[in-house]
Amino acid sequence: MKKFVFFLVLILMGALIVGCSANEADIKDKEPEDPKKEEAGEIETSGKDELSGEITVWAHPFSGDQEIEGAMWKEIIATYEQETGVKVNFEQIPWANRDQKVLTALAANNGPDVFYVIPDQMPQYADVGMLLELDPYLEGFDIEDFVDTALVSTTWKDKLYGLPILQEAYTYIYNVDVIKAIGEDPENLPATWEEFEKWAEKAKDKGFYATSFQGGGSLNGTLYPFLWQAGGDVVTENNEVLINNEAGIEAFTFINNMYEKGWIPADSITAMEHNGLWESGKMLAVQGSGISVSRLMGQDLFDFVIAPPMKHKEQLTYGTTGMFVAPINTDNPAAAAEFIKVMTNTDNQKKFNTVTQYIPTRESAKDIFGEQKYLEQLAGYTQYALPGVIHPEGRTIMPLIQAEIQAMLEGKKTPQEAADAAAEAVQGKMK
């Protein structure tokens, strides 16, 4: 557990939080008595009838209607309490500074028993022994119903540390008016890079941009989908850097071509968004998700259609996953694990995602969008949606790679040089 404590100190110092230190003895008291049993998956776990005590659950606001969301939480918690006899102390915490709040509380040994994390947080925490492994608590649990891509972000080095509650799927949303203006068919959208390139050239010839490239934003919406579609990746869990292999060069080259040919705006190097161009009808397509669809429907600007994620060598895209986890130093691990299981069952996924309008991670819960054709369509694409770079350094390497993409678009580096420089920068962050 020394590694765990050291990690907390580093994170808290980095966040300018001082005066907190973990009680190592207290944490060790929560460890299984026999480490060999833990490694073999033989930890003794309690059934529902043996659960007792109480747990504290932390979550964030997921919708704009806190009254409806509050009622949802009360219903879910009441069901769990009735089934298990365990009391739940629920606290909604802000999104801002959530890392610092969680880590400070856990370092002081008074944190939650269950909390919500996103894909770039999980491997940071799991890699230093901060999270409770859930595999020993899942005997008889239906995990096959989860979308495979949703479990990518909950697993680190073959151990499951969380169960997913929500997903998204990013894909191209097309302006129907622009499609018709370039002489194409809105019912026959580009499925491959090659088909998209043909449409992009036609759009440019007619005075439109092909798409938005937010060079100052997250790589999840810029480089990574093309990298995955080319059959590539950034780095493995064993620290093997892949970003400058053949697939990586192909993705860098595709992006560079879009810029050089004028398919994306001139400010794409550092742009944060192109909503004005898109909403004024000057762009053929943008990468978007359910939020994008809701915005378009609310503004009623133009007709639009949604395409499946594009394919080059692979058909993949980006889509975040949200999950619930438990800390290793929880006072009530069996009850915490049971809450995570109950929270992510089919009925509660339906309740949660009906309110929040995210996509359920269980196939059996996706029928909630039967009357919402766009969300129903996006729900069918989560099978292609990867949650980002699942690695403890996933967050810290992103700006390093982004800087090389920007240098390439500025004409300072070739795609090969930019990819090689990105690989060198990523390698420098590996342990």
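Listing for the model above:
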{"item": "Carbon + sulfur, % of accessible area of the range 77-221 - ligands and nucleic acids excluded, 1.4 Å", "result": "44"}
{"item": "Förster-model FRET efficiency, 45 Å R0, residue 176 and residue 314, C-beta, rounded to 0.05", "result": "0.95"}
{"item": "Exposure of residue 98 as accessible area (Å², to 10), given a probe of 1.4 Å and all protein chains", "result": "60"}
{"item": "Estimated 222 nm signal from helices in the chain, with DSSP H stretches of n ≥ 4 weighted -39500 (n - 2.57), rounded to 500", "result": "-12000 deg cm²/dmol"}
{"item": "Share antiparallel - DSSP beta bridges, the chain, percent rounded to 5", "result": "65"}
{"item": "Peptide ranges 137-144, 195-202 listed from the most packed, as the mean C-beta count within 10 angstrom indicates", "result": "195-202, 137-144"}
{"item": "Matching label, Kirkwood radius over Cα pairs in Å computed from the structure shown, candidates (1) 23.1; (2) 21.8; (3) 23.6", "result": "(1)"}
{"item": "Distance between modelled label sites at residue 376 and residue 65, nm, 7 Å Cα→Cβ extension", "result": "2.1"}
{"item": "On Cα atoms only, tilt of 333-343 relative to the major axis of the chain in degrees", "result": "40"}
{"item": "Carbon/sulfur fraction of accessible area - the range 297-350, other protein chains in place, 1.4 Å, %", "result": "44"}
{"item": "Rounded, prolate or oblate (a/c below 1.5 giving rounded, otherwise prolate when a/b exceeds b/c) for the range 129-170 by Cα gyration tensor", "result": "oblate"}
{"item": "Dipole moment magnitude, nearest 20 debye, the range 235-333 about Cα centre, only Lys, Arg, Asp, Glu C-beta charged", "result": "260"}
{"item": "The range 93-247 - accessible surface per residue (Å², probe 1.4 Å)", "result": "37"}
{"item": "Solvent exposure of the range 311-431 as accessible area per residue, Å², 1.4 Å probe", "result": "38"}
{"item": "Amide H contacts of residue 156 (H built 1.01 Å from N, under 5 Å, at least 5 apart or other chain)", "result": "161"}
{"item": "Residue 236-residue 75 pseudo-label distance in nm [points 7 Å out on the Cα-to-Cβ vector]", "result": "4.6"}
{"item": "Cα centroid of the range 107-175 to Cα centroid of the range 60-106, whole Å", "result": "17"}
{"item": "Over 18 Å between alpha carbons, listed pairs 74/351; 311/413; 74/350", "result": "311/413"}
{"item": "Helix 346-356 vs. the chain, principal-axis angle (Cα, 0 to 90°, nearest 10)", "result": "50"}
{"item": "Helix 66-84 axis, angle to the chain major axis (alpha carbon atoms, nearest 10°)", "result": "40"}
{"item": "Where chymotrypsin sites (Phe, Trp or Tyr not before Pro) fall in DSSP loop in the range 51-131, at most 16 other Cβ within 10 Å", "result": "95"}
{"item": "Rg to Rh, two decimals, where the range 204-344 supplies the alpha carbon set and Rh follows Kirkwood", "result": "1.09"}
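The values are calculated or read from the model by the stated rules, or taken from the named source; none is laboratory data. Predicted, not measured: the structure shown is a model, and the values here were computed from it. Cβ coordinates were reconstructed from backbone atoms using ideal geometry, including for glycine residues, and neighbour counts include every protein chain displayed. Accessible surface is based on the protein model in full, side chains and every heavy atom, while ligands, DNA and RNA are left aside. Shrake-Rupley method; radii C 1.70, N 1.55, O 1.52, S 1.80 Å.
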